[in-house]
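Q: Here you go, one structure.
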Amino acid sequence: MHLAPSTSIHDLVSEHPYLIDVLADFAPAFAKLKNPLLRNTLGRVATLQQAADIAGLEVNGLMLHIARGVLDHSSEAVTIVPKGAPGTGAKPGPKPAAETGASPCATTCGTPCDAGQAPASGSPLSDAARMDTLKGLIRELHAGADPATLKARFAAAVGDISGGDIARLEQAMVAEGLPEAEIKRLCSLHVDLFKGALDEAPTVSAPAGHPVRTYMDENAKAMEVADEIISQVDRMHRTPGDRTSPIDEMAWSFSSRYVKELLEDLAHIEVHYTRKENQLFPLLEENGLEAPPKVMWEVHDDIRALFKTARTAMENLAATAAALAARDAAEAVKDMVYKEEKVLFPMALESLTEAQWARVRHGEDEIGYAWVTPGDEWTPLPPDLAGTAGRSRAAGSAQLVQLDTGALAPHVLNQMLRSLPVDLSFVDADDRVAYYSDVPHRIFPRSAAVIGRNVRNCHPPKSVHMVEDILAKFKAGERDTAEFWIELGGRFLHIRYFAVRDTDATYLGCLEVSQDVTDIRALTGQRRLLEWS
């Protein structure tokens, strides 16, 4: 075996699978290699040097540990080309054993060891100390410290960070009392603080059909459209190169229709965000990562608001306002693409199991896609939805569901509920979603991933306090209903919440009923049963 800083992790563990455990035992960062998908994405492009950098280790010490692992498991000879050896382009490594008086180990690298232990690696920070250092930097950032100074201190003290690290950092700080709104306010600065390290991290990848691949294909199209909007707007400034100067009215008159079409095309990304909110975020929450999805959902809503602002400005024929608002929306979408691909997706690939990814994939078709159709290279495992879908006739047809005024087979009851011209959702007494009616044409998106989810995580963060107030009043017996109506996409929607109680008044949960009443409101006169044909 030949080991060098440029050796591929993927090639190494593919040929010697036992090295996955050897590496995982050596440093916690390498436990990620046990995830097959992550191993075949990040691991496929990472070298030993990059792996050592990620784990905060010296690459020579890492190669020695691998060599000892090989010798423990086989009789294969191992040759190490240490960092700093001629031709590696790296800084000189430790002096050979003959010059230091130390005894060489059983490998052929000539690097000294002490009683079979790896050489000191600059005393990298422990996981706990590393997290404490990162928390300190974030606290100083929120207190107004100079970001450039903090970047330099981060590079000196920590050096590298992954998307998963940022997610765990934000989750830990919320658990310690930092408001999610404060995390959201400075989330772009968080990413900027660590941007250098994130830029050097390998780009994640996934096979066609995997949710991450679909998200990334959508992002590629979003970047293309966003860049075109920015290019169009920038060339219309009266002072070329000055983005603060007014828009040339004549240039706008020729390009406004095209920019408006581009903006509407870019707005398809909202489907992408809805899919994240309903399919991916519930599984991250299930794994204890609640803060990052909540913060990202708020940013989604900010981007939606930017689209609305741009549309309004265009309708008002305000050239400068419309052009700059379209540019702001495009920049925000590009910024979200970076956060997804450098933070969210690596974090999700670290956290979710194959079975959980199958659950993410289940229901995506119902919500829809932006520009792309998923491939079929990746075939998900059958999702574990036992006890949540309620769709198996075989499991329930032998026993009827006894109701106060009759009895129905489970599949008949299910189809009855699906036939109603309303969307039904039921949240149990513990505030978790227990049921929704899978009607053919839903008003609001729902998918199987929502079952078991805390209802607070099913609403945009800015409206959660109202949901909590309604549920609190239902539980206290102060209210039995809550009613709202909104206009959306030219339709008039009626939304009602009902407290569901047992015969002894015990609170059982909350029933949400949503109905499109546009056509009902338009009815006039009368139509009797005998007139039906």
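The values are calculated or read from the model by the stated rules, or taken from the named source; none is laboratory data. Keep in mind it's a predicted model, so treat the numbers as computed, not measured. Don't worry about glycine lacking a Cβ; one is built from the backbone with ideal geometry, like all the others, and counts go over all protein chains shown.
Q: Is it the case that ALA355 is under 29 Å from ILE166 (Cα atoms), of a type in the set (A, V, I, L, M) and assigned to a helix (DSSP H, G or I)?
A: Yes: the conditions hold for ALA355.
Q: Going through LEU289, LEU262 one at a time, which residue ends up being surrounded by 14 or more Cβ atoms within 10 Å (Cβ to Cβ) and assigned to a loop (DSSP other than H, G, I, E, B)?
A: Of the residues listed, the single one that is surrounded by 14 or more Cβ atoms within 10 Å (Cβ to Cβ) and assigned to a loop (DSSP other than H, G, I, E, B) is LEU289.
Q: Now a separate question. Please tell me if VAL333 is part of a helix (DSSP H, G or I), within 18 Å of HIS272 (Cβ to Cβ), assigned by TED's automatic domain parsing to the domain that holds SER231 and over 11 Å from the mean Cα position of the chain (by Cα).
A: yes
Q: Do we find that GLU468 is in a helix (DSSP H, G or I) and out of contact with any strand residue (DSSP E or B) (no Cβ under 6 Å at 6 or more places or on another chain) in this structure?
A: So GLU468 fits the description; yes.
Q: Restricting to the range 381-403, count the residues that are of a type outside the set (S, T, N, Q) and modelled with pLDDT of 85 or more.
A: Summing the residues that are of a type outside the set (S, T, N, Q) and modelled with pLDDT of 85 or more in the range 381-403 gives 3.
Q: Just to be sure before I move on: is ASP502 modelled with pLDDT of 90 or more, surrounded by fewer than 16 Cβ atoms within 10 Å (Cβ to Cβ) and in the same structural domain as LEU424 (by TED's automatic domain parsing) in the structure I sent?
A: yes
Q: Which residue is farthest from the chain's Cα centre (by Cα), if the candidates are limited to the range 229-259 and must be aliphatic (A, V, I, L, M), surrounded by 12 or more Cβ atoms within 10 Å (Cβ to Cβ) and not in a loop (DSSP other than H, G, I, E, B)?
A: The selected residue is ALA251.
Q: Does LEU48 satisfy the criteria of being surrounded by 18 or more Cβ atoms within 10 Å (Cβ to Cβ), under 31 Å from the mean Cα position of the chain (by Cα) and modelled with pLDDT of 80 or more?
A: So LEU48 passes the test.
Q: Oh, and also: Going by the structure shown, is ALA226 surrounded by fewer than 17 Cβ atoms within 10 Å (Cβ to Cβ), aliphatic (A, V, I, L, M) and touching a residue at least 12 places away in the same chain (Cβ under 8 Å)?
A: no
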